[in-house]
Amino acid sequence: MNAPHESTRLPFALASRLPNVGTTIFTVMSALAAQRGAVNLGQGFPDFDCDERIVEAVSRAMREGHNQYPPMAGVAPLREAIARKIEKIHGRAYDPGTEITVTAGATQALLTAILATVHPGDEVVVIEPTYDSYVPSIELAGGKPVFVALEAPDYAIDFDKLARAITPRTRLILINTPHNPTGRVWHADDMRRLEAIVRGTNVLILSDEVYEHMVYDGAPHESVARYPELAQRSFVVSSFGKTFHVTGWKVGYVAAPAALTAEFRKVHQFNVFTVNTPMQVGLAEYLADPAPYVELPAFYQRKRDFFRAGLGKTRFKLLPCEGTYFQCVDYSAISDLPEAEFSKWLTTEIGVAAIPVSAFYHEPHESGVVRFCFAKREATLATALERLARL
């Protein structure tokens, strides 16, 4: 008889490509929330349905026979719709044939852009706290992440520190606006500072803009696509999952100059080859009406304002939320527990799950701040606020 778990052991040594990667905090907190019946404001996805029209558009595409492989770069109508949308909003014309690629979500787009441009030994500047896929992607490419830390409570970018992080080995700067997890956004002056820093260098930009339609209080989203000097050296990544409340569909896109797109597609074709056809056809049809993404900032601002008003009656200290569907709070008036322990206590004892912002740094970094997701039905948020008011 085999010993317990013997079948799970390899009869040889295997060196991990990602030896420091384990179960993410998002998985841990979601499992704990489910176990304890907590309101899950940890992971960033909606608990409400998408527009029936987009479901019908995809279903119609299936019924009409769009069920075989599409072109590697994406179906032409969708790439054309993406190009029209970017030009209308940001004023930059991307060629849908050579500069737009449909991807299997934004995370795949980020990994593919990194694999296409980062060689072993190259440095990639990462601004943290940071989305958890960035660093593993850099390491898989053989690159070296170079960290520039943002600090609570304002999480403002120190551009002098950013400039000092660039060396002759720097291949890429990875930026994210609106920013997960802090909810801060880049402004026009920030983009101009970045332009000045990279001017005259060979440094590329990878701009994660998946929350582009969640910028509040009348402010515009400052895409790198708006700035010609940046656009000519940038991959711009976005996500239909975030914009249209269909995170499980995993469809995104990358816009980049033709020379960068050519390199991107070399990797993309062997990474995923292409993205499911009926969803692409349905999305192309749905994009004909700009209202769903034009009205999205107001939709989420109402949720943000409702949630912030409720949190204002608790002992949490509200941090700025200019964009995304995340709200960070300082809990120092409530507890002196480390962020991960406080998040677990909040889930277990109060019944509301949050994510520790320290989880978004590569080394221990305690600020007494946790992140809530307000992409939820008002009833869900109200239940969470009622529980948090007990604090």
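The values are calculated or read from the model by the stated rules, or taken from the named source; none is laboratory data. None of the values given here were measured: they were computed from a predicted structure. When we count neighbours, we look across all protein chains shown, and the Cβ atoms used for this are built from the backbone with ideal geometry, even at glycine.
Output the helices (runs of 4 or more DSSP H) that fall wholly within the stretch 258-357 and possess 2 or more residues being over 30 Å from Phe235 (Cβ atoms) and outside the structural domain of Ala106 (by TED's automatic domain parsing), or say none. Break it down into steps so the answer makes sense when it comes.
On the way: elements: 258-271, 277-286, 291-294, 296-311, 339-345.
Per the criteria, 296-311, 339-345.
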Qualifying residue in the stretch 373-382 (condition: of a type in the set (D, E, K, R), at pLDDT below 95 and out of contact with any Ser or Thr (no Cβ under 6 Å at 6 or more places or on another chain)): no
Test set (1) exposed (fewer than 11 other Cβ atoms within 10 Å of the Cβ); (2) free of Cβ contacts under 8 Å to residues at least 12 places away in the same chain; (3) outside the structural domain of Ala288 (by TED's automatic domain parsing) - Ala31 fails condition number: (1)
Residue match in the stretch 194-205 (condition: on the phi > 0 side of the Ramachandran plot, in contact (Cβ under 8 Å) with a residue 40 or more places away in the chain and either surrounded by fewer than 24 Cβ atoms within 10 Å (Cβ to Cβ) or in contact with a helix residue (DSSP H, G or I) (Cβ under 6 Å, 6 or more places away or on another chain) (or both)): no
Close pairs (6 angstrom Cβ cut-off, 6 or more residues apart or separate chains): free of Cβ contacts under 8 Å to residues at least 60 places away in the same chain and buried (at least 24 other Cβ atoms within 10 Å of the Cβ) in the stretch 367-391, among the hydrophobic types (A, V, I, L, M, F, W, C) and not in a strand (DSSP E or B) anywhere: Val370/Ala354
Residue check, Glu64 at pLDDT 95 or above and surrounded by 11 or more Cβ atoms within 10 Å (Cβ to Cβ): no
Of all residues in the stretch 210-229 being surrounded by fewer than 23 Cβ atoms within 10 Å (Cβ to Cβ) and of a type in the set (A, V, I, L, M, F, W, C), the one that is nearest to Phe326 (Cα to Cα): Val215
